[in-house]
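The values are calculated or read from the model by the stated rules, or taken from the named source; none is laboratory data. Computed from a predicted structure; not experimentally measured. Reconstructed Cβ throughout: ideal geometry from the backbone, glycine too, with neighbour counts over all protein chains shown. For accessibility, only protein heavy atoms count, side chains too; no ligands or nucleic acids. Shrake-Rupley method; radii C 1.70, N 1.55, O 1.52, S 1.80 Å.
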There are 2 protein chains.
Amino acid sequence: MKRSIGADTLAYPTPVWCVGSYDAQGKPNVMTIAWGGICCSKPPAVTVSLRKATYTYGCIKERGAYTVSIPSTAYAAQADYFGIASGKHTDKFEDTGLTPVPSETVDAPYVGEFPLILACKVIHTLEIGLHTQFVGEIVNILAGEEILNAKGQVLMDKAAPFVYGTGTREYWALGETIGRGFDIGKRFRK
Amino acid sequence: MKRSIGADTLAYPTPVWCVGSYDAQGKPNVMTIAWGGICCSKPPAVTVSLRKATYTYGCIKERGAYTVSIPSTAYAAQADYFGIASGKHTDKFEDTGLTPVPSETVDAPYVGEFPLILACKVIHTLEIGLHTQFVGEIVNILAGEEILNAKGQVLMDKAAPFVYGTGTREYWALGETIGRGFDIGKRFRK
């Protein structure tokens, strides 16, 4: 039996992504978001939505670029901190001891210790309400050798990304693979 | 050591969401997507990106509404099928035996057997490239009693959503919780 629980942002699960940017003075900053997703294959593009009040909002407006550094579970606490503190008041890289590395392809830094990095150039900005959505063209991806198979594909269990559950505010690791895409559903074909 | 693997849509992990819609004749259709995410808190809004060639694209254009039915792992094969077959050629509800239920709040059907349903009205349409992004205001959420705690919050392990890994084309279930948001990072505060 279902019941109505009203209008809310309970889309499960949401990603945990760390958005890197430079401010006007060139200070590297990083902020964790759960409001985002891939939005296009050609050009490859990913969205991140931010409140105007965030430091990162101003940085992206200034530079027109950002990175998405995808943390592995080993860095869950650092990623959480990146969503708690503000770059207005502190240097989150210094606080956590993680390394801001300048992207070679876009005007933004990424988190050196994280295994998977998307370098993005802003191609659209959409005002929706409390949040502004930036659409970034993914101009390059950097991946740690340790998370790639022989074909150069990212291995989920090695990258070890994790997700966020809005309602109970918990992070969850991934478990086991449960089947192949465009395959396990073939049995329903008539 | 990181290496560049080019421009691609490798944002890990992506959700597995089943988008419900009616066509011009009122036939219910459902399609699985991985390109989407929450994009705003006020109004609560969620994006889904579709190629113009899909049947669902025309349905959403026609009706200005869609649902997002979030499958639990028990329905992984059905969800996969919803991404393989096209509503142009078949009735995917009939093929899988799942039930199209008319939403009471928007002009779209949802998958009755799935535990978590977002009812959405289109408030923006953004042409990006191969994909068109629909931004839908979430006007209501339906949740199965079995996935809610006493506070009415969605429990991740009961909802049992799963994610998709683009590179290796595998679905992955969630595992264990690894900590609380806005909490496990506090130790880095200066």
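Summary table
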| read-out | value |
| --- | --- |
| Karplus 3J(HN,Hα) series, Hz, for the range B:57-70 with 6.51 cos²θ - 1.76 cosθ + 1.60 (x for Gly, Pro) | 3, x, 5, 5, 4, 5, 9, x, 8, 7, 10, 10, 9, 9 |
| Expected-Rg normalisation [2.2 N^0.38 Å, Cα atoms] applied to the range A:60-187 | 1.20 |
| Mean separation of Cα contacts under 8 Å, 6 or more apart, over the residue count of chain B: relative contact order % | 24 percent |
| Nonlocal amide H pairs with A:Gly181, under 5 Å, H built at 1.01 Å | B:Glu170, B:Tyr171 |
| Teacher prompt: B:Glu146 distances to equivalent labels in other copies, 7 Å Cα→Cβ, nm | 4.0 |
| Global size of the range A:1-117 as Cα Rg and Dmax, reported in angstrom | 15.1, 55 |
| Inter-copy spacing of B:Ala53 label points, which lie 7 Å from Cα along Cα→Cβ, given in nm from shortest upward | 4.5 |
| Calculated from backbone phi, Karplus (6.51, -1.76, 1.60) coupling profile of the range B:90-106 in Hz, x at Gly/Pro | 8, 9, 5, 5, 4, 4, 9, x, 8, 10, x, 10, x, 5, 7, 10, 9 |
| Interface size A-B, as summed buried accessible area [1.4 Å probe, Å², nearest 100] | 9000 Å² |
| Taking only Cα atoms of the protein assembly as shown, radius of gyration then Dmax in Å | 19.5, 62 |
| Farthest positive-ward along chain A dipole, Cα basis, beta-carbon charges - from A:Thr47, A:Tyr57, A:Thr32 | A:Thr47 |
| Charge dipole (debye, nearest 20) of chain A; +1 at Cβ of Lys and Arg, -1 at Cβ of Asp and Glu | 1060 debye |
| Built amide H within the under 5 Å cut-off of A:Arg51, gap 5+ | A:Thr132 |
| About the Cα centre, charge dipole magnitude for the protein assembly as shown (Lys/Arg +1, Asp/Glu -1 at Cβ), debye | 340 debye |
| Accessible-area composition of chain A, carbon plus sulfur, in percent [1.4 Å probe] | 48 percent |
| Within the range B:98-190: Cβ-based charge dipole about Cα centre, in debye rounded to nearest 20 (Lys, Arg +1; Asp, Glu -1) | 760 debye |
| Total formal charge among the other residues, if their Cβ is under 14 angstrom from that of A:Cys18, Lys/Arg +1 and Asp/Glu -1 | -2 |
| Surface accessible to a 1.4 Å probe, per residue, for the residues of the protein assembly as shown, Å² | 37 Å² |
| Across the identical copies, how the B:Ile178 labels are spaced - nm, sorted shortest first, 7 Å along Cα→Cβ | 1.9 |
| Placed amide H near B:Ile38: partners under 5 Å, 5+ positions off or other chain | A:Gly36, B:Thr47 |
| Gyration tensor (Cα) of the range B:126-169, equivalent ellipsoid semi-axes in angstrom | 30, 19, 6 |
| Signed unit charges on C-beta, dipole axis of the range A:68-190, positive-most listed residue A:Thr105, A:Leu142, A:Leu155 | A:Leu155 |
| Lysine-lysine proximity count for chain B, Cα under 24 Å, sequence distance 8 or more or distinct chains | 17 |
| Centre separation in Å (Cα based) which lies between the range B:134-161 and the range A:104-120 | 33 Å |
